[in-house]
Amino acid sequence: MIFHYSLSIALLVTLVSSADVKKEENVLVLNKSNFDGVVSENKYVLVEFYAPWCGHCKALAPEYAKAATSLANEGSEILLAKVDATEETDLAEKYEVRGYPTLKFFRNGKPTEYNGGRTADDLLKWVKKKTGPPAVTLESVEDANKLKESAEVAIIGFFKDQESDAAKAFLEVATQMDDHPFGITNSEAVFGEFSVSKDGVVLFKKFDEKRNDLFEDITQENLKKFISINSLPLVVDFSHETAQKIFGGEIKFHNLLFLSKKASSYEKLVEAFRKVAKEFRNKVLFVTINTDIEDHERIMDFFGLKIEDAPGMRLIRLEEDMIKYKPETSDITEESILSFVQGVIDGKIKKHLLTQDVPSDWDKNPVKVLVGKNFDEVALDKSKDVLVEFYAPWCGHCKQLVPIYDALGEKYKDNSNVVIAKMDATANELEHTKINSFPTIKLFKKDTNEVLDFNGERTLEGLSQFIDSGGKLGASPKKEEVDEEEEKEGKADPRKDEL
C-alpha cells in the first residue's frame, strides 16, 4: 500500500509537465501545485521570485521575457520561470526569499543563487555558462571568431599544452567567472589568425583598445585581476548593472564625474575624462554618474552635491572606510582632472570631510545643533556630558525620535553639566567618529571624553537613565565583552587571533 501511494505521488509530480504550465512571454508561471514538478523534471530552470509592486521586478520583467524567448527560439533545455512570492508565501519561505527580485537556478532540482546581471544578455550568458563547459573548445578559426563576436567581452586561452598549470588555472577561472564567454584552443591555425606565438590569454572586447594580452605569470589570481580590470571600459557609466563590477573589482581608487547626459557639454567632458583615464589604466577607475536619474540623488547627497553643482567630480578610495577627495577647483578640463587624480595618488590632496556652516542659532533651542565645524568644541568639552544623536533627514526612525529627543532637551536644558545635541550625519563627517546607521546616539563623557554608544529603549526614560547613570544603563556592550560572551557560547572564531 505504501509503495502504491508513493508511486501515485511520483506519477502526479511527473504529470505536471512544463508543457502544461501557463506561460507569459515564454516565462513559466509557477505556484505551489506545479513548482516541484517543473524543477524536478527539467534539468535547468531559472526561477524569479518577485512582488508585483516591486520597481526592480518591473524593470527586470521585459529583460527576463526577452531572455526566455531567446532560449525558446534556440530550442534550449534551459527554462525561465517566475513565482509571485506575495501569493506563494510557502514557496518564498522554503527558498528563503528575503528581497525582490530573488533568482534561484535549479539544476536537476537543486537550487543555487543567481548572481549575474539583470539584462537579457546577462541572464543568457549566466545560464549558458552554468549549463555548458567552462570554456568552449575552439577547433577552428571560424569557432574562435564566432566566440569573439558573441559578446562585448570574450576571453580565449591559447594553450598548446592544455594540461599545463597555466591552462588549468585558466579553466578554473573560467569556471568561477560567469560574466563573459571563455574559449580554449591549441589549434595552430587559431594561434596564427590572432598572431599568438606562445601560450597565453587574450581578452577581446568591442570597445577601447579592442584587445588585451596576458602571456606571463598566468595564475588564477593574475587572471582574475587581468579580466576584471580590462573587461570594463575606460569610462564606466554607473547603473544597477555596473555597480557590482565597479565596487567588486580590483581597483580601489574611483574617480566619479557627476553630470547630466542632457547637458550640451556632456560629450566634451566625457572625452576629457576618457583621455585622462588612459593615463591611469589599472590604477584608477573612471566612472560617470548621470544626475538626470532620480535614484542617483542619494549618491549625490552622500558626497554633499546638489543638482546645481553638476558637473562635479569626487574621488574615493575604498578601504575599510571609504575615503573621499574633492578637487580644489570646480573646472573640469583634461588638465584639472589629471592634476586632481595625480594629486590624490601622490598624497598631496587631503581627504574631504563634509561639513555645513555653523547655524547662527545653533544653541538657541534645548537641543543644540552640531556640524563638522563646531562638533569638537561642543561635544569634546570635558566639563560636560554631551549626548549626541547622529541622524539622517530621510530616516523614518529618526523622525519618530524627534518629539522624544526634544523632550529630553527640555528636561536637561537647565542642567549645566549636560548638553543634548544632534548632528545631520549625512551632511557632516568627523575624522574620529564613523556613523554606519541611523539614528546613532553617543554619550561623550565629561573629564575623559570617553565615548559610549546607547543601545537602550529610545524613550525619554531610557535616554534619561543612560545620561544619569553616566552611560552605564542602556550602553552597548564593549567589543571585548561581546567577544568574551561569544566564546562562552562557542561562537567565537578560533582564527580571530590570527587575523
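Of everything in the range 149-167 that's at pLDDT below 95 and not in a loop (DSSP other than H, G, I, E, B), which residue is surrounded by the fewest Cβ atoms within 10 Å (Cβ to Cβ)?
GLU149
Within the set of pairs 6+ apart or on separate chains, which have a first residue in the range 328-353 that is without any contact (Cβ under 8 Å) to a residue 24 or more places away in the chain, a second that is part of a loop (DSSP other than H, G, I, E, B), and C-beta atoms under 7 Å apart?
The qualifying pairs are SER336/PRO327; SER336/THR329; GLY343/ILE349.
Among the residues of the range 189-208, write down those that are more than 12 Å from ALA144 (Cα to Cα) and not in a strand (DSSP E or B).
SER195, VAL196, SER197, LYS198, ASP199, LYS206, PHE207, ASP208 - these are the residues of the range 189-208 that are more than 12 Å from ALA144 (Cα to Cα) and not in a strand (DSSP E or B).
Looking at the range 172-190, can you tell me whether even one residue there is within 30 Å of MET322 (Cα to Cα), touching a residue at least 60 places away in the same chain (Cβ under 8 Å) and either open to solvent by 40 Å² or more (accessible area, probe 1.4 Å) or outside the structural domain of MET313 (by the TED database) (or both)?
As a first pass, look at the range 172-190 and keep what is within 30 Å of MET322 (Cα to Cα): 173, 176-180.
Those still in the list that are touching a residue at least 60 places away in the same chain (Cβ under 8 Å) too: 178-179.
Okay, now just the ones that are also either open to solvent by 40 Å² or more (accessible area, probe 1.4 Å) or outside the structural domain of MET313 (by the TED database) (or both), so 178-179.
Scanning the range 172-190 turns up at least one residue that is within 30 Å of MET322 (Cα to Cα), touching a residue at least 60 places away in the same chain (Cβ under 8 Å) and either open to solvent by 40 Å² or more (accessible area, probe 1.4 Å) or outside the structural domain of MET313 (by the TED database) (or both).
Which condition does GLU431 not pass, out of (1) free of Cβ contacts under 8 Å to residues at least 24 places away in the same chain; (2) loosely packed, with under 14 Cβ neighbours inside 10 Å; (3) not hydroxyl-bearing (Ser, Thr, Tyr), if it passes all the others?
The single condition GLU431 does not satisfy is (1).
From the list THR355, THR426, pick out the single residue that is touching a helix residue (DSSP H, G or I) at 6+ places or on another chain (Cβ under 7 Å) and open to solvent by 30 Å² or more (accessible area, probe 1.4 Å).
Numbers: THR355 fails: touching a helix residue (DSSP H, G or I) at 6+ places or on another chain (Cβ under 7 Å).
Only one candidate passes the filter, namely THR426.
Could you please let me know if LEU430 is over 21 Å from LYS373 (Cβ atoms) and either in a loop (DSSP other than H, G, I, E, B) or of a type in the set (A, V, I, L, M) (or both)? Spell out how you get there, then give the answer.
Numbers: over 21 Å from LYS373 (Cβ atoms): no; either in a loop (DSSP other than H, G, I, E, B) or of a type in the set (A, V, I, L, M) (or both): yes.
No.
Determine whether SER76 is assigned by the TED database to the domain that holds TYR114, in a loop (DSSP other than H, G, I, E, B) and in contact with a Phe, Trp or Tyr (Cβ under 9 Å, 6 or more places away or on another chain). Give the derivation first.
Values: assigned by the TED database to the domain that holds TYR114: yes; in a loop (DSSP other than H, G, I, E, B): yes; in contact with a Phe, Trp or Tyr (Cβ under 9 Å, 6 or more places away or on another chain): yes.
Yes: the conditions hold for SER76.
Checking VAL136 against (1) modelled with pLDDT of 95 or more; (2) open to solvent by 60 Å² or more (accessible area, probe 1.4 Å), only one condition comes out false. Which one?
It fails just one condition, (1).
Which condition number in (1) open to solvent by 70 Å² or more (accessible area, probe 1.4 Å); (2) in a loop (DSSP other than H, G, I, E, B); (3) in contact (Cβ under 8 Å) with a residue 40 or more places away in the chain is the one that LYS411 fails?
Going through (1) open to solvent by 70 Å² or more (accessible area, probe 1.4 Å); (2) in a loop (DSSP other than H, G, I, E, B); (3) in contact (Cβ under 8 Å) with a residue 40 or more places away in the chain one by one, LYS411 breaks only (2).
Select from the range 62-81 the residues that are within 17 Å of LYS104 (Cα to Cα) and among the charged types (D, E, K, R) and write down the one among them that is surrounded by the fewest Cβ atoms within 10 Å (Cβ to Cβ).
GLU77
Say we look at the range 466-499 and pick out the residues that are closer than 17 Å to VAL386 by Cβ and not β-branched (Val, Ile, Thr); which of these is modelled with the lowest pLDDT? Even if it seems obvious, please write down each step before you answer.
Pass one, the range 466-499, residues closer than 17 Å to VAL386 by Cβ: 466-472, 474-475.
Now narrow it down to the ones that are not β-branched (Val, Ile, Thr): 466, 468-472, 474-475.
Details: PHE466: 95, ASP468: 94, SER469: 93, GLY470: 91, GLY471: 90, LYS472: 89, GLY474: 83, ALA475: 79.
Out of the qualifying residues, it is ALA475.
Filter the range 434-461 for residues that are in contact with a helix residue (DSSP H, G or I) (Cβ under 9 Å, 6 or more places away or on another chain) and open to solvent by less than 60 Å² (accessible area, probe 1.4 Å) and give the result.
PHE438, PRO439, ILE441, LYS442, LEU443, PHE444, ASN449, LEU452, PHE454, GLY456, THR459
Can you spot a residue in the range 355-371 that is under 27 Å from the mean Cα position of the chain (by Cα) and in contact (Cβ under 8 Å) with a residue 60 or more places away in the chain? Steps first, answer last, please.
Applying the first criterion (under 27 Å from the mean Cα position of the chain (by Cα)) to the range 355-371 yields 355.
Restricting the remaining residues to those that are in contact (Cβ under 8 Å) with a residue 60 or more places away in the chain gives 355.
Scanning the range 355-371 turns up at least one residue that is under 27 Å from the mean Cα position of the chain (by Cα) and in contact (Cβ under 8 Å) with a residue 60 or more places away in the chain.
A quick yes/no check of all residues on (1) buried (at least 19 other Cβ atoms within 10 Å of the Cβ); (2) under 30 Å from PRO393 (Cα atoms); (3) modelled with pLDDT under 90:
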{"site": "GLU250", "(1), (2), (3)": "no, no, yes"}
{"site": "LEU257", "(1), (2), (3)": "yes, yes, no"}
{"site": "GLU279", "(1), (2), (3)": "no, no, no"}
{"site": "HIS296", "(1), (2), (3)": "no, yes, yes"}
{"site": "ILE299", "(1), (2), (3)": "no, yes, yes"}
{"site": "GLU320", "(1), (2), (3)": "no, yes, yes"}
{"site": "THR329", "(1), (2), (3)": "no, yes, yes"}
{"site": "THR333", "(1), (2), (3)": "no, no, no"}
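So VAL378 ticks every box in (1) touching a Phe, Trp or Tyr at 6+ places or on another chain (Cβ under 9 Å); (2) part of a helix (DSSP H, G or I); (3) exposed (fewer than 13 other Cβ atoms within 10 Å of the Cβ) but one. Which box is left unticked?
(3)
Here are the criteria: (1) part of a strand (DSSP E or B); (2) open to solvent by 20 Å² or more (accessible area, probe 1.4 Å); (3) at pLDDT 95 or above. Tell me which single one ASP143 does not satisfy.
With respect to (1) part of a strand (DSSP E or B); (2) open to solvent by 20 Å² or more (accessible area, probe 1.4 Å); (3) at pLDDT 95 or above, ASP143 is out only on (1).
Does ARG107 satisfy the condition of being within 21 Å of the chain's Cα centre (by Cα), open to solvent by 70 Å² or more (accessible area, probe 1.4 Å) and farther than 20 Å from THR242 by Cα?
On the way: within 21 Å of the chain's Cα centre (by Cα): no; open to solvent by 70 Å² or more (accessible area, probe 1.4 Å): yes; farther than 20 Å from THR242 by Cα: yes.
Here the answer is no, as ARG107 does not meet what is asked.
The values are calculated or read from the model by the stated rules, or taken from the named source; none is laboratory data. As the structure is a prediction and not an experimental result, all values here were calculated from the model. With ideal geometry, Cβ positions are generated from the backbone for all residues, glycine too; neighbour counts draw on all protein chains shown. We work out accessible area using only protein heavy atoms, side chains counted, and drop any ligands, DNA or RNA first. Shrake-Rupley method; radii C 1.70, N 1.55, O 1.52, S 1.80 Å.
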